[in-house]
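Chemist: Here it is, the structure in full.
Bear in mind these aren't lab numbers, they're just calculated from the coordinates by the rules spelled out. None of these values were measured; they are calculated from a predicted model. Ideal geometry is used to build each Cβ from the backbone, glycine not excepted, and the neighbour counts take in all protein chains shown.
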Amino acid sequence: MDELRVVARYVVESAEEVLPVFEAANPSDPRPRAAIDAAWEFVNGARRTKLQRTTSLDAHRAAKEAATEAERLAARAAGDAASAAYLHPIAKATQVGHILRAAASAALVGELNAGGDFTVGLKLIEQAGQRATPVLIDVLNRYPLAPTGKSRAAQLMTILDRSLRTSL
């Protein structure tokens, strides 16, 4: 549980950075905020419960309904934060997304807000790498490399994944 809390903290910190993007455009939709709050409850010592699962699914539904890509990424990152409490121990590459996708999403939101400037995303990925603790990197190294993808979010996640695995 201690390692899961470290992972969840990393994910929720990333998600929290971009939550205002969703909330500014959707002030009456509490679902991503509820997921962030549920993630923090777990990080701060509460048991993982149905709350994390439910709020994660709700935030992902909010992402599907979002009007812009930046809003979608922000809501999805919030959902990922709540679901990080349930990182699966089976070493599948898809689990890496539960650890790193929120940071990649936050970096892409930064790029989009900067008019598509790739250097902004790379700088944010570098900062996300600096926030990673040795425990997080140890957990990450139990999984295969992040799956490759063509989307910019997948590319950013791959960059972060590889940089963290070579940082120790």
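Chemist: Simple spin-label model, 7 Å along Cα-to-Cβ: THR54 to ALA25 in nm?
Modeler: 2.7 nm
Chemist: A further question on this structure: For the chain, just run the numbers: alpha carbon Rg, then divide by 2.2 N^0.38 Å, N being how many residues it has.
Modeler: Compactness ratio reported: 0.94.
Chemist: Let me ask something additional. Taking just the alpha-carbon atoms of the range 10-98, what radius of gyration and Dmax come out, in angstrom?
Modeler: Spelled out, the Cα radius of gyration and Dmax of the range 10-98 are 12.3, 38 Å.
Chemist: Check the straight Cα-Cα distances from LYS123 and name the aspartates and glutamates below 14 Å, setting aside those fewer than 8 residues away within the same chain.
Modeler: GLU111
Chemist: Let me ask something else. Quick check: pseudo-label points 7 Å beyond the Cα along Cα→Cβ at ALA91 and ARG142, how many nm apart are they?
Modeler: 1.1 nm
Chemist: Rounded to a whole number of µm²/s, how large is the Stokes-Einstein D of the range 82-130 at 37 °C and 0.692 mPa s, given Rh as the Kirkwood radius over C-alpha pairs?
Modeler: It comes out at roughly 280 µm²/s.
Chemist: Taking square-rooted eigenvalues a ≥ b ≥ c of the alpha carbon gyration tensor, is the range 124-168 rounded, prolate or oblate, where a/c under 1.5 means rounded and, failing that, a/b exceeding b/c means prolate?
Modeler: Oblate shape, in that a/c is at least 1.5 and b/c is the bigger or equal ratio.
Chemist: Let me ask another. Select from the chain the helices, each a whole stretch of DSSP H, whose alpha-carbon atoms run 30 Å or more along the helix axis and whose Kyte-Doolittle mean is at least -1.0; answer none if there are none.
Modeler: What comes out of the filter, once short or polar helices are dropped, is 2-25.
Chemist: Would you compute, from DSSP H runs of 4+ residues alone, the mean residue ellipticity of the chain at 222 nm, taking -39500 (n - 2.57) per run and dividing by the full residue count, rounded to the nearest 500?
Modeler: Computed ellipticity for the chain at 222 nm equals -24000 deg cm²/dmol.
Chemist: Taking square-rooted eigenvalues a ≥ b ≥ c of the alpha carbon gyration tensor, is the range 92-159 rounded, prolate or oblate, where a/c under 1.5 means rounded and, failing that, a/b exceeding b/c means prolate?
Modeler: oblate
Chemist: Can you list the lysines whose alpha carbon is less than 25 Å from that of LYS50, not counting same-chain residues fewer than 8 positions off?
Modeler: Partners found: LYS64, LYS92.
Chemist: How far is the Cα center of the range 33-107 from the Cα center of the range 1-30, in Å?
Modeler: Between the Cα centres of the range 33-107 and the range 1-30 lies a distance of 7 Å.
Chemist: Starting from the Cα of ASP117, step 7 Å along the direction of its Cβ; do the same at LYS64; then give the gap between the two resulting points in nm.
Modeler: Placing both labels 7 Å beyond Cα along the Cβ direction yields 3.5 nm.
Chemist: Could you tell me the relative contact order of the range 58-168? Use alpha-carbon pairs under 8 Å, at least six residues apart, and round to a whole percent.
Modeler: Reported as a whole number, the value is 26 percent.
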